[in-house]
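Structure first, then comments.
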Amino acid sequence: MNGVVLPKDIFRRRNSDYDDDDNDEKTKMQIFANGEKDSADPERRAKTKKTENFIARYRRLRHQRIRSDSGQTTNRYTLLDLIRHPMLRTHAAVMGSIWLVITYVYYGITLNTKDLAGNRYLNFFLTGLVEIPAYTVSFFVIKTWGRRLPLLCFHILAGVPLIISAFISDTAGGTGLFVLKTACVMIGKFGITASFGIVFLYSPELFPTTLRSQGTGISSFCGRVGNMIAPFATALDVFAPWLSAVVFGTVSVAGGLLVLILPETLNRPLPQSIEEIEQWTTTTTTEKSSAVSAQTTTTTTTRTRISAGVVTETGDDDDVTDPFTTSAKQSDGDHRL
């Protein structure tokens, strides 16, 4: 066959070519690792310079921040600070008790719904259904009435129907009253669920930023204790069939009364330090005294003006300038002349 004869290895790359490629990759990796500039690639050189400037600026700013922070004294707060300060200790104790009451009643009602008369599946469905309007109502109420008053009202709304349900028999005189008893239990579940929604917002607002996580954690820990006690609530029915419901209602009302010890946090900025928490009572007292003093000053000024007006009216007639009298005296003088 006539033609040009090609060598057999024309489509094969030599080993040296692979070695050259490997050397190029190694060189690129070394340049990248060492941060060297590639003078042959202007785009890469520009990107490298931009990265180096960014890193240098970050390190400079970080160094300045460390130097500025080193000159300031940093206070480290621990869990013992909640016990050391009286107001924080009161807030932690009261809020922990409220959390325990809420979780005890909430999970106690939920877990013991099976003991209600009627269809147990329907009753359990209703206990979950009432939570939707409960959380919705609490969301709108706290914007107008604050945290303390709604929490008190919802605790009482939960406790009173539960106490009433304890003395309602499922059947009385052949007439089934289980519907009324179930309704009382659902009203109690509505109230305690609304309280559960409020307390999640109310707890962090009672502690400063430096101890907010510790204070909220203690409250949540007390709530977990209520979770552990709730499944054993029906054990009280061994002594009396109405005892567990009465305990639910009583502790709910007691927890609501504890709310009166706590301050109102509506439209109040979150406290940043322990000193701001301690000044809450002082600030409130100062504002009240300022308002009273301002009102007293206004009243005194008004009385002074009134008395000054009376003196002017009852003073000597010569001190009062009457245009009609002046014109009459002038005309009389003219006639005399």
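Working carefully through the options PHE140, PHE167, PHE154, find the one that is touching a residue at least 60 places away in the same chain (Cβ under 8 Å) and surrounded by fewer than 14 Cβ atoms within 10 Å (Cβ to Cβ).
PHE167
Hey, which of the helices (runs of 4 or more DSSP H) in the stretch 89-172, taking only ones fully inside, have at least 1 residues that are among the hydroxyl-bearing types (Ser, Thr, Tyr), more than 19 Å from PHE248 (Cβ to Cβ) and out of contact with any Ser or Thr (no Cβ under 8 Å at 6 or more places or on another chain)?
Output list reads 120-129, 131-145.
Here are some residues: PHE178, PHE190. Which one is touching a residue at least 12 places away in the same chain (Cβ under 8 Å) and touching a Gly at 6+ places or on another chain (Cβ under 6 Å)?
Answer to the selection: PHE178.
Quick check on my filter: what residues within the stretch 181-234 are basic (Lys, Arg), crowded, with 20+ Cβ neighbours inside 10 Å and under 25 Å from LEU149 (Cβ atoms)?
LYS189
Condition test on ALA240, is it of a type in the set (A, V, I, L, M) and touching a residue at least 24 places away in the same chain (Cβ under 8 Å)?
Here the answer is no, as ALA240 does not meet what is asked.
Out of the residues in the stretch 237-253 meeting the condition of being in a helix (DSSP H, G or I), open to solvent by 50 Å² or more (accessible area, probe 1.4 Å) and not acidic (Asp, Glu), tell me which one is modelled with the lowest pLDDT.
Taking the candidates together, the pick is VAL238.
The values are calculated or read from the model by the stated rules, or taken from the named source; none is laboratory data. Fair warning: this is a prediction, and the values are worked out from it, not measured in the lab. Every residue, glycine among them, receives a Cβ derived from its backbone with ideal geometry; neighbour counts consider all protein chains shown. Side chains included, ligands, DNA and RNA excluded: accessible areas come from the protein's heavy atoms. Shrake-Rupley method; radii C 1.70, N 1.55, O 1.52, S 1.80 Å.
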